[in-house]
Structures are given as structure tokens and as C-alpha cells.
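In what follows, a single structure is set out as C-alpha cells and then discussed.
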Amino acid sequence: MYVGLGKTTLCKSIFKTMEINKEFEVRIWICVSHDFEFIQLLNRVIEKIEGKHPRNIPDLHTLEAKLKEVMNGRKFLLVLDDIWDTFEPCRDPLRGCLEDVGVSKGNTILATSRLKGTLEKLDGSCILPLEKLSDEDSRSLFKQCVGENNLSDRTKADLGWEMLSRCDGVPLAIKALGRLLKSQNSTSQWRKIEQDHDILNKVDDILPSVMLSFKYLPSVERFDHLGNVQACKMHDVVRSLALHISKGDTEITERRSFLKEGLSLELSNGLIASLGTTQQEFIKQIKHLRALSLVDAGLEELPDWICELKHLRYLDISRNRIESLPIGLGKLYYLQTLIIADNFVAYSQSMPKFPKEFTKLNNLRHLCSNLDMEIPNGIGMLTSLQTLPAIDVDKHPWGGTASELGNLHNLKGSLQLTGFRDAGIIQELKEMKLGTKEKVEKLVLRFRSHQFRNEDVNMLMLEALEPHRNLVSLEIDGYQSKVLPNWMMEMKGYGGYDLNNLVSLDIRFCYFLEQLPSMKNSSALKILKISACERAKSLQNLECLTSLQCLDLIMCSEMQNLPDIKTLSCLEVLRINECRKMTCLPTGLSNLPNLKTLEISELSPDVSIFPFPNLNHLSPLSTCLRELHMQAYMMYKVVNLPNQIRHLCQLRYLEINNFTSLEELPEWLGDLTSLETLVLVLLPLVKYLPSQATMKGLSQLTTLVIHDCTQLEPACSPDGSEWKKIEHIRYVGELTG
């Protein structure tokens, strides 16, 4: 019988049914697997019945007596999950023991095994072999796991169906493959997985799809580096996978003391200080250490003995005060992950300096930090690198150059580049070859050249950073030119290909930018954020963003009214803040069927009616909107709330902020019967809430926040005139945080 067909899943679904619960007074589930003893098995049965850890009774006679006591003649169902041939010697003793302690009829033992012969030896009255899934069921399960949206792309669909055919109808393999593909956005990633899936067709009886799921985890997620884990259980397939991955590094032990041969260790400042003259002996004891955490250990320099741990794969030295790393660091040849976060040098956070021997760390894959890093000299030699902290691309006296990153072909995930103050780095940026780094999914470019503004230089820099066509996320921060290079205006990647896989675009603090990119080639975009682009006047081809889920327009003081957005049927969040030349909201807003959150604040001060879309109780917006934030600010002429709000029958959250001319709250607030939270801020002329009947009618209202409302606030205190209207509300108070 094949592994991964769903034997355990099927038994669990039966085990949890109401019928089983009624039929059996005692239900016991034991995962048997390879290594177990009969005494241990009985102890675990008792543990399951009592619901607490047993005393580990060592002798069989005492165990049988205890089992009879806890069973108390009740009818039971015992599930033995994943038994092997090694279980056969326990068959007769277990049956005899259970017959002695249970009632005479109705007791049931349900066993699962991947070995049919093992079940036959148990004299089972009924053996139910599970079959592989049909092609139709396989496709249905695969669609469910990978998501139908991912299969709408023809290339991805072809790759997916090809890989599915190799899963051979095994549910576990299909689930593992589907969920892996769902986590990978670009077509190139799917193609790489397809190639690997073919290579891993069979590895020591491990499903290739399960092996792939491990392979595509970042290494920092592959293992627990000590933590506080006391014990763990794993599926037998996962056990096989773990043994295969660890190979010669495996240690399976029942001992509680594991320092001498352990594979991971976490040291505090106190323990390091207490080592004293016993360092050499200590090093001998942990010479095979694979993972070491020295977080917040009070270090000002890295101890030399650490450089003797030649088998170290993982080292975390975050939250220390290390100014420079030792020459001996180059001895850690097998090091794969180095984490340096929140490092303090001279009262500020900065990365330590790296020695030239740093270039010997040929196996280093992940250099992680929350700090900007000047480029270490020779970093281009570390061709295994996949993860880098934010890189300052400017030239520095002791560091390397941006061109060295051109050799790092395995960079993946997020790549953040900062600086761009030095006009002489344009050629080096070109030599980084960003367009060939197809594993980089997110690109963040932070221009810090405010004091050295040169429009032409900024544009040439950005032009040199043209990404590959499968980029998923792009963020531009602080760009100083009026215009964008051609690749970004047309949203095209290296080689002139459209950025078809771009899901998120964030352009912020580009104060001088006058024209935003055209959106005509960005149909996959789900998140678009434009903020502090004060000279940008329009957003071209917005109607083409048919996949858009979130649109933020913030601090765009020259932005004119938006075009019709009725085609944005996937839009869930719309925020328009501080766009003070806008006099109305975009048409088509009331017809959006999925909009959940609408935030409007600080639009044109010239309007006398707060802009709000025309809608009625039949409009799609009236049934889908859940949150509405309205802030008037400077709209001194607005004296009434938009009457259309009364039709938002599913609204849960309403904020009315800074309506300085508003004199009263309308009675139609009572129509918002789903309202749970009402926030009233800076309403200086409002004296009263709506009538008591209206407020009492808001049966779902649990939170009322009143802040900086000079007349309303005291009236809503426990001894105020409005208190009786709101005393039933669970929370009445001011803004916090």
C-alpha cells in the first residue's frame, strides 16, 4: 500500500464523527510507527484515557491493573495508526490484555499500515485497501490546493498539469505540490520546481513533492535552533524526510542531557562569562555544534573559540555591540546562515565591519539583518548567497563596489538597495545585472540623495536597475527626478518584456515626479500605493488594473479626479488622503462588489458637500462595505453628512473626523443596524447624539469613541445629559494609542 493515500486522514474523520462518539464510551488514538515497546504502548493508552501524563509504570502486572481501573468496563475504540512488522510480537499480549479489562462485546481495534501483510497478520476481520485518486479527483484536489487563479495563466497551467501527472494520484503528494506552487508567484519559479520535481522522482521512498516542499523553504525555517522545544512528534513520511536531509548528522536520543553531542546551543552572557579557563574543554564538548545563538549576550567582540566550531551552519549574534568581526570567521567554512540584527556601535545601530577572510565563507547562503550594510570587499566571491540585508550601493573607503553583486546569481526573495548619493556608481549599477536575477521577487530601491539632488543622475541610476520580467513586488522611495526611465513608464522588464507578474507597486516620497507609470501592462497588479508624490497629476490606465485589491493615494496634492473605476471589481481597500485638488470620488465606486474599506480624508477645501458616490440600497457597495473612515479637515463649509451613507447596511465601522461645521448627527444613523464601532473626532459644534430610540436601535454597537468633541464629550460622561442613550454600550471612551 502506498504512503500518502490518506489512511490516517480517513481514520481521523471517522474517529471524530458524532456516531462514533455515541457508540464508544472511550476513544483512544495511538500513533505507533517504527520504534515502540509493549510496555510503552500500554502506558500511552492509559495516558490517553486519563488525559494526563502517566507515571511510566515499568511492569506489566501493575499496568494491566491500572488499565482495568481506568477502563472501568467501558466500551472502547482503539486506533493504532501506522503499524509496522515490528508490531507483530505485541499482537497477542495486547489482545489478551484488552479482553481482560473491557466488556465482552463491541470493543473495536482499528489499525492503519502501509504494509498489507502486517494487517493480515493481525487477523483483521476487514481490511480496506485505499486506492489512488482518479485523474478527475486528482485535478480537483490540485485546483483546491494551488488555487484556480494560479491556473488561469496558460504557461503555469501546463506546468502544473505536467507535475500533477507525476504525483500518480497520491493525495499527500498532490497537496504538498499544490501548496508549494501556491506559495511561488512567478512562472520561472514554477518552471524551476517542475525541473526539480523530475529530478527527485524517487528519493529513498520519500515523495518528491514532500522533498520539494523542504527544498523551497528558506534555510532559517528548516530547523529549530533550540528554542524551548521539549518533545515533538512527526508523521512517518516527515521522519523519513528528516533522516534523509540530516544524513550523517542525525542523533536520536532519549537522554535529557545533550550538551556533549548536541547539534544546537543557545548561550547567554552569564554562561559565556562563566566559561573562564575551561574554554578549550568546552570547545571539545561542542565541536560538532551546528547552530549557535548568542543573541543579547553582551558581546563587544566575537570570542575566538567560536571560530573553532568548524561544523557550524547557523550563527545568530544579534543585539550585541560588535564593532568588527574576527579574522578567524573565515574558518567557519560550512556556515550557511549568519544573523546580525540590532547591533550597536558607538551609540548607534550599524553592521560590524567584515574581515577580508569573510570571502572564504563559500557556503554562506543567508546574511540577515535589519540594518543597512555597506558592501564588504570581495562579497562577489560568495556565490552561494541567497539573502542579503539592505545594501548601501555607494562607495565606501573599506568596502567593495555594487558591481560585485553581479556575481551573486542565487539571490532570491527580497533585495533592498539604498543610498544612491554617489554620481559615480552608474556603471557599477549596470554591472549588478539585476535583469538576470530571476529569483529576486521583491525589489526595494531607497534613494537617499536629497542633499545631492541631480535629476539626470537619478534617472540614469534607475534606468540601470531594470529588473527581470517576473518581478513580483517593486518599491521606489525618494526618487528625485521629474521623469521615470522608459522601462518603468511602460512597466517593462529586462529584454523589453512586460512585468506580467508584478503584484505590488509602491511609489513614495518622489516629491518631484510629475508623471506616474502607465498601468496598461499591469493587469496582475493587486496592490498599488502612491504616496507623497506631490507633483503627480494623474494615474494613467487605472481601468486596466482588473486584479487590483488595494489602492492608496496619499499626499498627492496635485492629483486630479480619478477616472471611472467600475472595472476594478476585485478592489477591497480604497484610501484617498490629502489629495487636495480632488473635488469628487471616482465614478463607478458604488458599483464595486468587493470593496470592504473606504477611507477619505483631506480632499479639496472648496467643496460644500462631502464627496460620496451615488448609491441606494440596491447598489453593490451598500452590501459589501464594512469600514468607512471620513475626515473633512479644512472643509469648513460641510454642514451635513452624505445622506447616501444610510444605505450601507453591512457597515461595521464608521469614523467621522474633523467636520468642524457639522452641527448634528443625523437620525438615519439608526439605519446602520450592523454598526459595531462608531468613532467621533473633532466635532466642535455637535452637542447631542441622535435620539435614544436611534442609539438603542443600534443593537450591534459595542464601541463608541468620542475624542476632542468639546460639547459632546462632557454630555456623554456618566453624569451627562446623553448618558442614558449609550449606557448599554460595552465600551465608551476616548481614542487610545
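Coordinate-derived values only; no laboratory data. Owing to the predicted nature of the structure, the values given are computational and were not obtained by experimental measurement. All Cβ positions, even for glycine, are placed from backbone atoms using ideal geometry, and neighbour counts span all protein chains on display.
Projected onto their three principal axes, the Cα atoms of the stretch 140-188 cover extents of 25, 18, 17 Å, largest first. Estimated at 0.36 nm per residue, the fully extended path between Cys624 and Glu558 surpasses their Cα-Cα distance by 20.7 nm. For the peptides 582-588, 114-120, residues were scored by their other Cβ atoms within 10 Å and the scores averaged per peptide; the highest-first order is 582-588, 114-120.
With semi-axes defined as the square roots of five times the eigenvalues of the C-alpha gyration tensor, the equivalent ellipsoid of the stretch 640-701 measures 18, 13, 11 Å, largest first.
Using the Cβ of Ile600 as centre and a radius below 14 Å, the other residues enclosed give a net charge of -4, where K and R count +1 and D and E count -1. For the stretch 379-420, the fraction of C-alpha pairs more than 12 angstrom apart is 60%.
Classified by the C-alpha gyration tensor, the stretch 571-650 has a prolate form. Its axis ratio a/c, with a ≥ b ≥ c, is 1.5 or above, and a/b is larger than b/c. Grab the other residues whose beta carbon is less than 15 angstrom from that of Pro171, score K and R as +1, D and E as -1, and report the net. Taking every other residue near Pro171 into account, the sum is +4. The residues His728, His647, when put in order of fewest to most other Cβ atoms within 10 Å, stand as His728, His647.
Hey, how much of the P(r) for the stretch 478-611 falls beyond 20 Å, as a percent of Cα pairs? Percentage above 20 Å: 44. Using a simple spin-label model with pseudo-atoms 7 Å out from Cα toward Cβ, Val295 and Ser152 lie 4.0 nm apart. With Cβ to Cβ distances under 9 Å as the rule, what net charge do the other residues near Leu551 carry (K, R +1; D, E -1)? Spelling it out: positives minus negatives among the neighbours equals +1. Full extension of the chain between Glu534 and Leu60 yields a length gain of 162.6 nm, computed as 0.36 nm times the residue separation minus the alpha carbon distance. Shape of the stretch 328-420 from the C-alpha gyration tensor: rounded (a/c under 1.5, with a ≥ b ≥ c the square roots of its eigenvalues). Sorting the segments 408-415, 612-619 by their residues' average number of neighbouring beta-carbon atoms within 10 angstrom, most packed first, yields 408-415, 612-619. Kindly identify the stretch 287-327 as rounded, prolate or oblate by the Cα gyration tensor criterion: order the square roots of the eigenvalues as a ≥ b ≥ c, call it rounded if a/c is under 1.5, otherwise compare a/b with b/c, prolate if a/b is larger, else oblate. Oblate, since a/c reaches 1.5 and b/c is not below a/b.
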